[in-house]
Amino acid sequence: VEGALDVKEPDMRIVGLFAEIVDEKIAEIVHAMMFMNETNKMETDESKRKDIEFYLSTYGGTADDMFALYDTMKLIQKTTDISVIGLGKVMSAGVLILAGGTHGKRKVGRNCRIMLHSVVGGNQGSLHNLINEMEAIQDLQKMYINRLVEETKMTKNQLKKMLEQKVNIYLSAEQAVEYGIADEII
């Protein structure tokens with residue numbers, strides 16, 4: 001159209017997860033983040049590269065899917081920062097996802113509820129299978145603790161004491177910043 005303004009499409013790097021952390025949703029998020037990262041890598045002028053903004057509100061989900069997303073985030077962060085913004089609720093598996101954002105760029109809403117707890121598992125079957133499953137759950141718990149210790153200001157002993165209470169541990173936004181799960185309150 002003659003005289004029309006030359007309007008450029010917005011170049012956004014925004015993704016959100018407002019659901020349970022399960023394989024179908026994580027596949028969508030991983031695909032979107034990988035696409036945004038590749039788009040960033042194609043930008044020859046590094047000053048024009050943009051962070052991925054990841055909005056997060058979740059009750060949690062499966063540990064395996066949590067680690068799939070977490071590991072993808074760590075891979076992407078080699079070339080693109082990921083700013084994670086926790087809103088409403090960041091619980092269970094979501095806590096590691098929030099903490100796994102680029103340090104200095106992890107934000108949490110003033111009224112966001114943060115909740116930690118031990119890895120949960122439920123199985124049935126023969127004694128041998130149950131023993132095997134219990135060992136696998138213990139390994140997941142160790143991995144979860146180790147990653148949280150790496151990403152936060154919490155010590156291994158401090159985190160273990162919290163999780164050994166055998167209840168859900170609720171944190172305020174202020175406590176999330178104090179513990180290093182997030183960097184600032186918005």
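The values are calculated or read from the model by the stated rules, or taken from the named source; none is laboratory data. No experiment lies behind these values; they were computed from the predicted model shown. Note that we place each Cβ from the backbone using ideal geometry, even for glycine, and neighbour counts take in every protein chain shown. Heavy atoms of the whole protein, side chains included, go into the accessibility calculation; ligands, DNA and RNA do not. Shrake-Rupley method; radii C 1.70, N 1.55, O 1.52, S 1.80 Å.
On the principal axes of its alpha-carbon atoms, segment 9-95 has extents of 39, 23, 19 Å, going from largest to smallest.
Of the whole protein surface, residue 28 contributes about 110 Å² of accessible area at a 1.4 Å probe radius. The mean sequence distance of close C-alpha pairs (under 8 Å, at least 6 residues apart), as a share of the length of segment 27-129, puts its relative contact order at 26 percent. Only the Cβ atoms of Lys and Arg (+1) and of Asp and Glu (-1) were treated as charged; on that basis the dipole of the chain about its Cα centre amounts to roughly 800 debye.
If you restrict to DSSP beta bridges whose two residues both lie in the chain, what percentage is antiparallel, to the nearest 5? Working shown, then result.
Numbers: 3 of 22 bridges.
Once the DSSP bridges in the chain are tallied, antiparallel ones form about 15 percent.
Using the alpha-carbon atoms, what tilt in degrees (0 to 90, nearest 10) does helix 63-76 show relative to the longest principal axis of the chain? Computed tilt is about 40 degrees.
Where does the chain land at 222 nm, in deg cm²/dmol rounded to the nearest 500, when only DSSP H runs of n ≥ 4 count, each adding -39500 (n - 2.57), divided by all residues? Intermediate values should be presented prior to the final figure.
Working: 6 runs with 80 residues, N = 186.
After summing the helix terms and dividing by residue count, I get -13500 deg cm²/dmol.
Heavy-atom accessible surface of residue 183, to the nearest 10 Å², is about 60 Å², with a 1.4 Å probe and all protein chains retained. Under the rule a/c < 1.5 gives rounded, and otherwise a/b versus b/c splits prolate from oblate, where does segment 110-153 land using the Cα gyration tensor? Verdict is oblate for segment 110-153.
Counting only Cα atoms, the chain measures 75, 37, 26 Å along its principal axes, largest extent leading.
Across the chain, where is the longest run that never hits chymotrypsin sites (Phe, Trp or Tyr not before Pro) in a DSSP loop with at most 16 other C-beta atoms within 10 Å? Looking at the chain, 60-186 is the longest stretch - no exposed chymotrypsin sites (Phe, Trp or Tyr not before Pro) with at most 16 other Cβ atoms within 10 Å.
For the chain, leaving out every one of the trypsin sites (Lys or Arg not before Pro) that falls in a DSSP loop and has at most 14 other Cβ atoms within 10 Å, the longest unbroken run is 9-77. Among the protein heavy atoms, those of residue 103 account for about 100 Å² of accessible surface (1.4 Å probe, every chain in place). Working note: Cα atoms of segment 55-146, range along each principal axis, descending, whole Å: 46, 31, 17.
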